[in-house]
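Shown next, in structure tokens, is the structure this report addresses.
The values are calculated or read from the model by the stated rules, or taken from the named source; none is laboratory data. What you see is a predicted model; the values in this text were computed from it and never measured. Note: ideal-geometry Cβ built from the backbone for every residue, glycine included; neighbour counts use all protein chains shown.
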Amino acid sequence: MSELVKKFNDYREKMNEVILSKDNLVLKRLWNLDTNTYEDGALDKRTKEMLGLVASMVLRCDDCIKYHLGKCRELGVTTQQMYEIFAVANIVGGTIVIPHTRRAAEYWEELMSSELK
């Protein structure tokens, strides 16, 4: 796993543990809703993660983008499909999304290269 990917995953896991350890019912319910939203239903997990990625790019949340990129990779999204996802996000979000696409492409490359090591 690349250092970039490891650093993101470690930080996310650490801070989720800190936040959830405070036993705030609203935050726990929010985390639970988020988890359950991406489970298979009328739409499969893969489709939902791709939708989440487009929404995250349009909303310009780099942490969310990285998370959904990782999930998309785990669920077998190909590079060709990923660049179509990027295209949809840029059409919907406009040129303000371009810097986030650059960072998303960088992270995707890291995810793809870490599979080879």
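General observations
- Unique match (being among the aliphatic types (A, V, I, L, M), more than 25 Å from ARG102 (Cβ to Cβ) and free of Cβ contacts under 8 Å to residues at least 60 places away in the same chain) among LEU43, LEU75, LEU53, LEU59: LEU43
- Residue selected from segment 43-66 under the condition surrounded by fewer than 17 Cβ atoms within 10 Å (Cβ to Cβ) and acidic (Asp, Glu), by the criterion nearest to VAL5 (Cα to Cα): ASP63
- Residue list for segment 1-59, restricted to those being of a type in the set (Gly, Ala, Ser) and more than 19 Å from LEU75 (Cα to Cα): SER21
Matching residues to (1) at pLDDT 95 or above; (2) under 27 Å from LEU33 (Cβ atoms); (3) surrounded by 13 or more Cβ atoms within 10 Å (Cβ to Cβ); (4) not small (Gly, Ala, Ser):
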{"site": "HIS68", "(1), (2), (3), (4)": "yes, yes, yes, yes"}
{"site": "GLU74", "(1), (2), (3), (4)": "yes, yes, no, yes"}
{"site": "VAL77", "(1), (2), (3), (4)": "yes, yes, yes, yes"}
{"site": "ILE85", "(1), (2), (3), (4)": "yes, yes, yes, yes"}
{"site": "VAL88", "(1), (2), (3), (4)": "yes, yes, yes, yes"}
{"site": "GLY94", "(1), (2), (3), (4)": "yes, no, no, no"}
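- Cβ-Cβ contacts under 7 Å between residues 6 or more apart (or on different chains), taken from a first residue in segment 1-24 that is assigned to a helix (DSSP H, G or I) to a second residue that is surrounded by 12 or more Cβ atoms within 10 Å (Cβ to Cβ) and at pLDDT below 95, are listed as VAL5/SER114.
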